[in-house]
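Asks: This is the structure I have questions about; it appears just below.
Read-outs: derived from the displayed coordinates by stated rules, not from any lab. In this text, all values refer to a predicted model and were calculated from it rather than measured experimentally. Ideal geometry is used to build each Cβ from the backbone, glycine not excepted, and the neighbour counts take in all protein chains shown.
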């Protein structure tokens with residue numbers, strides 16, 4: 001019996017109990033994430049091998065909270081999804097937290113999920129990774145971390161976000177890819 | 001050939017294209033590379049296929065540099081997700097293939113065509129590695145479900161699961177049988193290497209190599225044995241390689257199992273995750289890493305430290321345009337190495353002496 005890979009993505013489904021619920025507030029304007037990142041890469045000063053960038057906010061990343069059925073036991077009710085939060089509302093702010101090293105073709109992003117929410121941090125990190133994957137030249141190396149001491153399971157989240165094999169497997173899960181695409185859709189306008 | 005830094009160069013013989021997604025791993029067919037049989041290897045990709053590559057036989061036996069490689073077969077339409085790794089049976093007649101679709105397929109070479117003759121199911125999610133034992137009687141698989149499965153090969157290409165081994169606390173990245181003993185090694189996202197042996201068909205974890213044993217401090221991605229099987233090397237996300245040896249002086253345990261102990265750590269040479277390591281029959285350790293470089297290490301016999309140490313023989317920067325996922329020495333006489341990368345290509349290299357001007 002081949003088990004269905006419904007629960008193939010550990011990033012979303014392992015910490016189900018951490019799922020936060022609150023009343024959605026008004027959406028902010030979405031800025032263009034794509035050109036934002038290109039600006040980061042292209043506007044580094046000549047002669048600097050490492051450029052520390054100032055405050056930046058990842059705009060335009062809508063996160064939908066969705067519950068899905070698990071493998072164990074019977075299928076759970078699929079709850080009505082969708083309490084969309086923009087990352088601005090969640091105050092995922094990058095302050096002095098994007099390191100771009102053009103000479104080494106290296107980007108490190110450190111983000112603060114102020115909602116201390118296990119699965120949220122990994123979803124946000126995954127969205128960031130996908131966005132960068134689609135925006136940066138293929139040879140760039142990317143490290144994504146949560147700001148130190150901003151999250152209860154900081155090292156566990158960091159490890160998962162930077163395990164290339166785990167990310168690749170997660171992105172073969174169509175449900176997760178759909179969610180990520182939906183999150184990033186406003187950023188392509 | 002002299003084995004000191006600066007004495008060798010890595011020559012690129014050919015770049016093989018064909019896969020349409022990253023190449024995760026490649027494995028040489030152990031029964032090839034003889035006078036009668038040209039070298040063959042299999043490669044696994046995110047494009048859900050396995051490709052079989054063969055060297056064109058060349059008229060002169062010394063001109064490995066002039067032979068080219070062709071893709072002889074594409075094993076497709078079987079797996080529905082990434083094909084992560086594969087393993088040839090010792091006879092070279094069967095190929096076991098591990099996939100993220102949670103199955104392991106077994107292929108048989110039937111007169112040049114490959115047929116899928118069996119599919120092993122059981123893992124709950126991605127299967128990441130598969131390995132045949134030295135006699136071809138046992139197969140091991142492992143995956144993200146944290147388990148290691150042992151299967152027994154039966155007549156008619158049937159496989160029976162003889163054990164499901166729990167013990168790792170996280171995703172198991174690779175399994176590998178010892179080259180001579182029926183002892184299984186697994187390495188994991190939980191930062192440990194576990195050793196599994198059987199006592200009358202009852203398989204148990206007989207040793208765990210973790211941080212208390214001078215083990216790794218992050219995910220262990222791969223391991224490889226030296227030719228005689230008394231040493232092994234492991235590579236990790238912690239940016240080090242570690243050498244371990246079998247402590248044959250303490251064969252005291254009841255089941256005669258000889259424990260492994262840390263010998264030395266090769267540190268300071270890698271700046272990003274090391275995904276693959278392979279120990280050649282001559283003792284050269286090759287590593288492939290996420291910084292796109294291939295490095296070679298040999299034992300430093302002139303070292304001033306107590307105990308064995310290893311030195312860098314050669315570093316090939318930008319060996320590929322993206323992360324290197326797998327490096328494998330070929331069987332046979334020549335010092336050939338194949339590398340597989342996220343850039344979708346496979347490269348065949350030869351480690352050669354540098355011309356000193358005194359002739360060959």
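Asks: Full extension from residue B:228 to residue B:211: what is 0.36 nm times the residue separation minus their Cα-Cα distance, to one decimal in nm?
Replies: Working: separation 17, 0.36 × 17 = 6.12 nm, distance 2.59 nm.
Fully extending the segment from residue B:228 to residue B:211 adds 3.5 nm.
Asks: Further question: Highest GNM mean-square fluctuation, chain B, Cα pairs closer than 10 Å: which of B:85, B:99, B:118?
Replies: Result for chain B, Cα springs under 10 Å: B:118 fluctuates most.
Asks: Which FRET efficiency value, to the nearest 0.05, do you get for residue B:181 and residue B:93 by plugging their Cβ-Cβ distance into 1/(1 + (r/R0)^6) with R0 = 25 Å? All intermediate terms of the calculation are to be shown ahead of the outcome.
Replies: Working: r = 23 Å, r/R0 = 0.91.
Approximately 0.65, to the nearest 0.05.
Asks: A further question follows. Which length gain, in nm to one decimal place, applies between residue B:110 and residue B:200 when the Cα-Cα distance is subtracted from 0.36 nm times their residue separation? Don't jump to the answer; show the numbers that get you there.
Replies: On the way: separation 90, 0.36 × 90 = 32.40 nm, distance 3.49 nm.
Gain on extension, residue B:110 to residue B:200, equals 28.9 nm.
Asks: With springs only between Cα atoms under 10 Å apart, run a GNM on chain B and tell me which of B:15, B:345, B:208 wobbles the most.
Replies: For chain B, modelled as a Gaussian network with Cα springs under 10 Å, the answer is B:15.
Asks: Just to compare against my own numbers: the Cα pair-distance distribution for region B:84-183, 5 Å bins, whole % per bin, please.
Replies: That works out to 3, 14, 26, 26, 19, 8, 3, 1, 0, in percent per bin.
Asks: I would also like to ask the following. Let me know the shape class of chain B, please: from the alpha-carbon gyration tensor, a ≥ b ≥ c as square roots of the eigenvalues, rounded when a/c is under 1.5, otherwise prolate if a/b is greater than b/c, or oblate.
Replies: Details: a/c = 1.55, a/b = 1.07, b/c = 1.45.
Taking the square roots of the gyration eigenvalues as a ≥ b ≥ c, chain B is oblate.
Asks: Anyone know which of B:37, B:141, B:78 comes out most mobile in the 10 Å Cα GNM of chain B?
Replies: B:37
Asks: Between residue B:249 and residue B:267, with labels modelled 7 Å along Cα→Cβ, what's the label distance in nm to one decimal, could you check?
Replies: If labels sit at residue B:249 and residue B:267, their model points lie 2.4 nm apart.
Asks: For residue B:37 and residue B:119 in one chain, what is 0.36 nm times their gap in residues minus the Cα-Cα distance, to one decimal in nm? Intermediate results must be reported in sequence, preceding the final value.
Replies: Numbers: separation 82, 0.36 × 82 = 29.52 nm, distance 2.82 nm.
Between residue B:37 and residue B:119, full extension yields 26.7 nm more.
Asks: How much FRET efficiency would the formula 1/(1 + (r/R0)^6) give for residue B:302 and residue B:152, where r is the Cβ-Cβ distance and R0 is 60 Å, rounded to 0.05?
Replies: Approximately 0.80, to the nearest 0.05.
Asks: So what is the relative contact order for region B:92-218, in percent, with contacts set as C-alpha pairs under 8 Å and at least six apart?
Replies: Details: 316 pairs, mean separation 19.1, N = 127.
Contact order relative to length: 15 percent.
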